[in-house]
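Below: one structure, written as structure tokens.
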There are 2 protein chains.
Amino acid sequence: MKNLTFLFLLVFSISFSQTSEEQQLKKFYDTSLLNGQSYDWLDYLSNRIGSRLSGSVGAELAVKYTKEELDKLGLDKVWLQPVMVPKWVRGAKEYAYIKSSTGNTNLPVCALGGSVATPALGITAEVIEVKNFEELKELGEAKIKGKIVFYNRPMQADLIQTFNAYGGCVDQRVHGAKEAVKYGAVAVLVRSMNLRLDDLPHTGTMSYDDLPDSEKIPAAAISTNAAELLSTMVKLTPDLKVHFKQSCENKGEVQSYNVIGEIKGSEKPDEIMVVGGHLDSWDLGDGSHDDGAGVVQSMEVLRLMKETGYKPKHTVRVVLFMNEENGLRGGLKYADVAKNKKEKHLFALESDAGGFSPRGFSFDCTDEQFETIANWSILFKPYLIHYFEKGGSGADVGPLKADGVILAGLRPDSQRYFDYHHAANDRFDAVNKRELELGAATMASLLYLIDQNF
Amino acid sequence: MKNLTFLFLLVFSISFSQTSEEQQLKKFYDTSLLNGQSYDWLDYLSNRIGSRLSGSVGAELAVKYTKEELDKLGLDKVWLQPVMVPKWVRGAKEYAYIKSSTGNTNLPVCALGGSVATPALGITAEVIEVKNFEELKELGEAKIKGKIVFYNRPMQADLIQTFNAYGGCVDQRVHGAKEAVKYGAVAVLVRSMNLRLDDLPHTGTMSYDDLPDSEKIPAAAISTNAAELLSTMVKLTPDLKVHFKQSCENKGEVQSYNVIGEIKGSEKPDEIMVVGGHLDSWDLGDGSHDDGAGVVQSMEVLRLMKETGYKPKHTVRVVLFMNEENGLRGGLKYADVAKNKKEKHLFALESDAGGFSPRGFSFDCTDEQFETIANWSILFKPYLIHYFEKGGSGADVGPLKADGVILAGLRPDSQRYFDYHHAANDRFDAVNKRELELGAATMASLLYLIDQNF
């Protein structure tokens with residue numbers, strides 16, 4: 001009889017707790033969809049402020065604006081965390097064209113972030129196309145010296161998750177210049193990281209590593225259509241020349257900030273759950289998907305908790321990281337300060353994969369932690385959230401990795417992401433209000449469940 | 001020992017069959033993404049032919065084009081199935097405005113399909129706003145006679161599946177005129193079935209049922225922004241008047257066709273599996289999502305089978321239905337002919353929910369059938385296809401419902417669908433190539449598994 005009572009109480013308490021969890025998730029989704037703030041915040045960030053490259057006026061305005069908006073939410077604490085960031089400027093709009101006897105053919109182009117400029121009169125040189133660094137090595141100095149190396153390995157269309165296709169190509173953009181210098185190249189042009197054929201060049205960070213200034217060569221991206229065209233023409237006319245010019249410049253370091261706000265935990269205030277995105281963006285569009293969406297969704301998570309009257313047991317902290325795109329200084333600084341202050345982080349979630357329809361999360365955690373989390377998938381089923389897998393989290397929360405810390409990344413539908421990523425069309429009108437709001441509610445739900453169960 | 005051998009063989013055969021199924025799915029996805037035809041077909045349908053309202057030149061060109069393209073695939077048989085369809089034409093572009101002492105305010109408007117025209121000089125009348133038919137009844141003739149009834153119940157934003165929000169509102173559009181006539185209304189304006197606030201009116205079918213011609217009143221949709229504006233202004237100035245004019249016309253019936261192609265089954269040629277979409281569209285955009293996507297995906301299913309060398313056991317038939325939008329004549333005709341010919345249908349799948357990222361399928365079948373199907377979800381997991389639920393299928397395949405027939409509908413992500421549905425922005429550039437191709441491969445995979453397991 002005692003056992004039966006116990007069993008009854010157990011079943012009752014499980015079903016009760018299940019019900020209250022279901023109810024809280026529904027409150028988050030309803031509030032986000034019916035009375036959300038994320039889309040209005042994004043409208044301001046994208047349309048009133050615009051692009052937010054580290055060290056730019058836009059980035060500083062975004063710090064000021066998001067700080068003010070967090071102040072309005074009635075959080076327990078809102079502050080700026082100083083961080084020095086690299087300042088790189090694009091300068092005058094780049095141009096590139098194929099020089100040919102029958103007339104010049106335009107190639108839509110943009111400098112890669114961190115690249116040096118061409119000489120003032122531009123560079124004119126023959127082009128040699130390669131698909132990867134092995135090919136580059138085989139060709140060697142004899143074939144490469146004095147030429148522009150053209151990296152043209154496309155993203156793999158048969159990979160279902162487009163981030164895997166990106167991961168398989170981005171070495172060309174990041175390390176292409178440094179590798180080509182070894183064989184005497186004068187510049188590199190990289191096929192844009194874009195699964196679509198279109199006319200937009202996509203920028204992104206590149207690195208010279210420890211190459212001395214005197215050996216640095218300019219690096220730029222051309223659109224996928226331009227890459228197809230150049231590839232065809234260089235096969236027909238191997239000695240054709242490309243002329244290109246860019247005026248970008250590294251301006252050293254400037255002061256900037258991570259923007260942080262928190263709700264103090266009611267039971268375990270010293271254990272911190274972070275939710276965040278990065279406040280900086282590239283300069284070509286307005287950074288609505290990358291990562292305006294992640295910024296406003298993260299802010300919305302705390303607002304949804306306040307709005308639905310949920311008081312977290314652990315401290316919930318929104319962190320809007322500066323400089324993810326070309327330095328990760330914000331993420332590194334946040335983790336560094338946390339370490340120095342001996343702060344204990346339980347959980348950190350980043351949204352930095354676009355404001356598209358959410359599918360779930362990837363987790364960087366132990367098998368035991370993952371087992372607990374994966375059991376919640378049934379709670380997310382009504383919201384069509386199904387993806388719970390171990391895998392990466394997010395660049396900015398990565399430095400928090402330590403024993404026991406659960407890291408996670410929101411995983412929205414990725415099919416359209418690289419149509420916009422780092423390009424001029426990453427703009428407000430490419431974000432769907434409902435998709436953005438569903439993402440915010442999904443994030444709030446995960447934080448809530450972590451808060452309840454850990 | 002005998003038992004062990006049996007067990008070994010069983011395990012071996014299960015794992016082998018699993019593997020060959022996995023392999024075939026991968027072939028479908030790889031072929032669709034790397035070497036697909038669906039996007040090019042859609043390009044032609046949308047950009048070379050354009051809108052395809054039943055009875056229009058576009059519809060007839062689409063019949064001709066898709067027949068020719070199916071002919072090229074080397075199917076066992078391709079034919080046209082004659083069907084009479086209603087012809088309705090929009091005529092001159094509609095206009096509507098609020099007449100006010102301080103100037104007129106434009107209301108973006110479009111006639112609903114099947115509506116009669118206004119008188120040549122248009123209609124000018126006071127407006128009465130209602131949210132539903134109960135409110136209409138309560139107001140009664142005293143408040144409604146001589147006025148324009150304005151239906152303004154918005155789609156419910158907190159419903160995760162937008163088709164449910166559509167289902168909860170569309171009675172206003174379909175039956176609004178017939179209901180308002182009862183109380184002496186002179187016309188109806190309906191808030192567009194759109195979850196977004198924007199300036200595009202969304203058309204769609206309406207019905208007078210058996211109302212005599214003399215009692216029919218004009219019905220039109222206004223954009224969601226216009227609905228918000230009109231609602232505000234009519235509260236401020238209850239006696240304001242709206243003027244609107246439309247010149248649409250019902251032109252009786254004309255000859256058209258379903259387009260059909262089939263691969264004869266190698267083992268059960270008399271059992272038929274249908275895959276289809278509808279060839280007609282509304283006239284405002286080019287019908288890329290509704291339902292150009294479903295048409296080209298269905299064609300692609302048969303092409304993927306040919307291309308990957310898969311020979312189905314059952315007969316696989318692609319049916320491009322005519323007149324789903326304003327009559328369903330194609331779907332009814334197909335089922336009627338099948339019945340008369342005593343054809344046995346095993347399965348019918350429709351894609352008519354947009355060319356967005358596929359999430360899964362809904363099924364109209366027995367519990368036993370569903371149990372078998374739901375077990376395949378593990379095969380779809382690598383493709384992020386997770387939605388397998390009982391529920392509706394598709395309007396065109398619905399008439400095939402009978403004992404034993406499995407009906408299904410592709411369920412793409414629905415969040416953006418009603419941004420485009422029946423409006424001028426349902427255009428080619430709103431369809432993402434990869435999302436379209438993923439849908440086609442997902443459909444081919446389901447047909448293949450049905451073919452193997454039933």
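Here, each number is a calculation from the coordinates, and none is a lab measurement. From a predicted model like this one, the values you see are computed outputs, not experimental measurements. Backbone-built Cβ (ideal geometry, glycine too); neighbour counts: all protein chains shown.
Copy-to-copy spacing for residue A:253, label 7 Å out on the Cα-to-C-beta vector, in nm, shortest first?
Here residue A:253 shows inter-copy label distances of 8.1 nm.
Show that you can apply the helix-only estimate: for chain B, add -39,500 (n - 2.57) for every DSSP H stretch of four or more residues, divide by all residues, and state [θ] at 222 nm to the nearest 500. Mind dumping the intermediate values first?
Numbers: 13 runs with 162 residues, N = 454.
When only DSSP H runs of four or more count, the value is -11000 deg cm²/dmol.
If you wrap a convex hull around the C-alpha atoms of segment B:91-250 and split its volume per residue, what is the figure in Å³?
Each residue corresponds to 112 Å³ of Cα convex hull volume.
Taking K and R as +1 and D and E as -1, what net charge do the other residues with C-beta under 12 Å from the C-beta of residue A:92 add up to?
Working: positive: A:90, A:93, A:245; negative: A:94, A:249.
For residues surrounding residue A:92, the net value is +1.
Between the alpha-carbon centers of segment A:160-220 and segment A:363-391, tell me the distance in whole angstrom.
When both Cα centres are located, 35 Å separates them.
Just report the Cα centroid separation between segment B:61-99 and segment A:82-101, whole Å.
With segment B:61-99 and segment A:82-101 each reduced to a Cα centre, they are spaced 49 Å.
Considering amide H positions built from the backbone, and no H for Pro or chain starts, which residues 5 or more places from residue B:345, or on another chain, come under 5 Å of its amide H?
B:272
When only Cα pairs under 8 Å and 6 or more residues apart are kept, what is the percent relative contact order across segment B:91-250?
Normalised by residue count, the contact order of segment B:91-250 is 40 percent.
Go ahead and run the numbers for FRET between residue B:251 and residue B:102, Cβ-Cβ distance against an R0 of 41 Å, rounding to 0.05.
0.50
Looking at segment B:91-250, send over the antiparallel percent of its DSSP beta bridges, to the nearest 5. Spell out each step's value before the answer.
Working: 14 of 27 bridges.
Expressed as a percentage, antiparallel bridges in segment B:91-250 total about 50.
Between segment B:29-57 and segment A:405-449, what is the C-alpha centre distance in whole Å?
29 Å
Consider all pairwise Cα distances in segment A:237-304 and report the whole-number % of them above 16 Å.
Roughly 69 percent, once rounded to a whole number.
I need A:83, B:397 ordered by Cβ neighbour count within 10 Å, fewest first.
Listed from fewest to most nearby Cβ atoms, that is A:83, B:397.
How do A:230, A:189, B:80 line up, fewest other C-beta atoms within 10 Å first?
In increasing order of surrounding Cβ atoms, one gets B:80, A:230, A:189.
Given N residues in segment A:262-352, what is Rg(Cα) / (2.2 N^0.38 Å)?
1.14
List A:89, B:274, B:85 from most exposed to least, where exposure is judged by having the fewest other Cβ atoms within 10 Å. Don't skip to the end; give the middle numbers.
Working: A:89 14, B:274 27, B:85 24.
Sorted ascending by nearby Cβ count, the order is A:89, B:85, B:274.
Could you tell me the number of lysine pairs in segment A:59-141 with C-alpha atoms less than 28 Å from each other, where the two lysines are 8 or more residues apart or belong to different chains? Present the calculation step by step, with values, prior to reporting the outcome.
Numbers: A:64/A:72; A:64/A:77; A:64/A:87; A:67/A:77; A:67/A:87; A:93/A:131; A:99/A:131; A:99/A:137.
The number of close lysine pairs in segment A:59-141 is 8.
Using all Cα-Cα distances in the protein assembly as shown, what percent lands in each 10 angstrom bin from 0 up to the longest?
Histogram of Cα-Cα distances, whole percents per bin: 2, 11, 18, 21, 21, 16, 8, 2, 0, 0.
Taking chain B as the reference, fit the longest principal axis to its C-alpha atoms, fit the long axis of helix B:57-72 to the helix C-alpha atoms, and give the angle between the two in degrees, 0 to 90, nearest 10.
Rounded to the nearest ten degrees, it is 10.
Could you please report the charge total around residue B:254, scoring K, R as +1 and D, E as -1 over all other residues with beta-carbon less than 13 angstrom from its beta-carbon? Can you show the working numbers first?
Working: positive: B:87, B:251, B:329; negative: B:60, B:253, B:280.
Net of charged neighbours comes to 0.
In whole Hz, what ³J(HN,Hα) sequence does segment B:262-273 give by Karplus (6.51, -1.76, 1.60; θ = phi - 60°), x for Gly and Pro?
8, 9, 5, x, 7, 10, 10, x, 8, 9, 10, 10
Which of A:178/A:339; B:26/B:390; A:339/A:381 have a Cα-Cα distance over 31 Å?
Too far apart for the 31 Å limit: A:178/A:339; A:339/A:381.
List the extent of the Cα atoms of segment A:135-229 along each of their three principal axes, largest first, rounded to whole Å.
39, 27, 24
Helix B:133-144: angle to the longest alpha-carbon principal axis of chain B, degrees 0 to 90, nearest 10?
20 degrees
For chain B, what value does the Rg/Rh ratio take when both radii are computed over Cα atoms and Rh is the Kirkwood radius, given to two decimals?
With Rg and the Kirkwood Rh in hand, the quotient comes to 1.04.
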